[in-house]
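This report concerns only the one structure given below.
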Amino acid sequence: MNDSDLKEQRLRRTLKAVAERTPVGPGDESLWTRVPAATSQGHRLILVGAVAAVVIIAGFGLALAYGPRSSNTGGIRPGAKSTRKPLVSSTTVPRSSPTTTSTTTPGAAEVSPCGPEQLTTTASQASGAGGHLAVLITFTNNSSTPCTMDGYPTAWFVDARGNKMGNTSIEEEGIPAPTVVSLRHGARASTTVWYDNPSVPYPPCQTVSAAAIRVTPPGQSTSLVVNIPVSICGPPAYPTVGTTPLTFGTTETMF
Amino acid sequence: MPSPDLSDLYRRQRTAMVRLARLLTRSEAIAEEVVQEAFLQMHRRRKVPENPEGYLRATVANLSRNHIRRLSLEQRWSAGERITLNDPEIDETWTILCRLPFRQRAVIALRFYEDFSEAEIAQVLGCRPGTVKSSLHRGLSKLREEMS
């Protein structure tokens with residue numbers, strides 16, 4: 001906040017006032033010291049319960065996503081504009097917490113992460129905010145096999161020859177938080193790629209033209225090129241680029 | 001039984017951690033719960049980590065983030081729970097801070113309340129220094145725009 005000491009002072013005053021608004025009591029150590037350690041039976045029971053809950057929820061989610069569907073699916077093809085809205089009903093399953101990531105789902109169909117060969121990618125200019133522009137990148141599952149996408153794609157700008165321009169994207173927390181997105185045939189998921197607006201230079205920059213964005217789906221090693229001509233800050237500054245977690249559908253994620 | 005080190009840490013750091021968690025979770029009640037849970041998690045570890053203060057602070061930040069994520073998913077948080085101080089300038093600034101995404105608010109709190117460097121903030125939040133820099137820049141830009 002170098003352009004306004006007054007605002008920095010106000011920010012500091014606010015943080016201190018909120019953090020120290022009321023005195024923090026002495027606390028009660030016994031609240032946690034009485035709890036048995038991790039290896040105890042009690043904790044194991046909690047863990048088993050959590051794992052069971054995850055299995056049930058995941059099973060229910062998969063049943064919803066891949067279970068029998070009503071008869072109106074027959075005539076729908078991906079890309080047929082007039083039938084876009086009822087194309088799919090996908091289910092997003094909240095990402096499991098760190099304590100349960102090793103959980104497997106016995107009996108449920110294995111759904112693999114979407115590979116680049118399964119995906120068709122499109123890009124469109126989104127609105128952006130707060131000194132940043134944004135491009136919405138949409139992934140469509142064009143294969144007959146359902147697949148999942150989870151987390152942050154990686155992206156960077158390329159020139160007309162396909163050479164990388166500037167920085168690889170950072171992960172930008174968005175709303176909603178990352179979830180596992182299950183994609184049936186024809187379903188779409190999207191990420192918002194944001195970058196510094198070259199018209200609001202900070203620091204000032206010379207603009208250059210990017211021809212496309214190269215994007216790697218989460219957890220994959222092969223990237224895809226999506227053509228979209230955009231003007232970005234050139235060397236040496238180059239823009240900071242970020243991606244938001246993949247979400248189901250094609251709505252820009254605010255960041 | 002808790003190790004003497006952990007009891008000592010509790011007495012020395014609990015107040016500071018609750019204060020930080022208030023800024024991160026936006027709630028006094030949740031802040032207490034988050035810090036309690038952080039100590040519980042450390043208690044469950046077989047041994048105290050090498051840098052207990054750092055580990056504790058990172059755990060508090062992580063648990064606060066989990067809490068905010070749950071709220072985002074459930075859309076439960078309402079302005080009614082907001083901490084107010086009856087000082088228009090402070091209340092306005094805090095309202096703007098509350099609307100920032102978690103990481104931007106966390107970076108601002110660690111930078112301007114704890115006076116941490118960008119590298120230290122990256123360690124607490126478990127992200128890259130570049131992410132801290134951009135989050136700080138974006139958070140402050142929004143604050144500047146909206147502060148009257």
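Kindly establish whether residue B:89 is at pLDDT 90 or above and assigned to a helix (DSSP H, G or I).
Working: at pLDDT 90 or above: yes; assigned to a helix (DSSP H, G or I): yes.
Considered against the rule, which asks whether it is at pLDDT 90 or above and assigned to a helix (DSSP H, G or I), residue B:89 comes out as yes.
Hand me the list of strands (runs of 3 or more DSSP E) wholly inside region A:189-255 holding 1 or more residues that are of a type in the set (A, V, I, L, M, F, W, C) and at pLDDT below 90.
It comes to A:224-233, A:241-243.
Looking at region A:1-42, which of its residues are charged (D, E, K, R) and modelled with pLDDT of 65 or more?
Residues satisfying the conditions are A:5, A:7, A:8, A:10, A:12, A:13, A:16, A:20, A:21, A:28, A:29.
Scan region B:18-41 and report the pairs whose first residue is without any contact (Cβ under 8 Å) to a residue 60 or more places away in the chain and whose second residue is among the aromatic types (Phe, Trp, Tyr), with Cβ atoms within less than 7 Å and a gap of 6+ or a chain change.
B:36/A:32; B:39/A:32; B:39/B:10; B:40/A:32
Yes/no matrix, rows are residues, columns are (1) touching a helix residue (DSSP H, G or I) at 6+ places or on another chain (Cβ under 8 Å); (2) among the acidic types (Asp, Glu):
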| position | (1), (2) |
| --- | --- |
| A:133 | no, no |
| A:140 | no, no |
| A:146 | yes, no |
| A:156 | no, no |
| A:159 | no, yes |
| A:162 | no, no |
| A:168 | no, no |
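Looking at region B:43-63, can you tell me whether even one residue there is part of a helix (DSSP H, G or I), more than 11 Å from the chain's Cα centre (by Cα), of a type in the set (S, T, N, Q) and within 10 Å of chain A (Cβ to nearest Cβ)?
no
Consider region B:92-148. How many of its residues are within 18 Å of residue B:60 (Cβ to Cβ), touching a helix residue (DSSP H, G or I) at 6+ places or on another chain (Cβ under 9 Å) and surrounded by fewer than 16 Cβ atoms within 10 Å (Cβ to Cβ)?
Of the residues in that region, 1 qualify.
Quick one: would you say residue B:114 is modelled with pLDDT of 85 or more and not in a helix (DSSP H, G or I)?
Working: modelled with pLDDT of 85 or more: yes; not in a helix (DSSP H, G or I): yes.
So residue B:114 fits the description; yes.
The values are calculated or read from the model by the stated rules, or taken from the named source; none is laboratory data. Not measured: the values here are computed from a predicted model. All Cβ positions, even for glycine, are placed from backbone atoms using ideal geometry, and neighbour counts span all protein chains on display.
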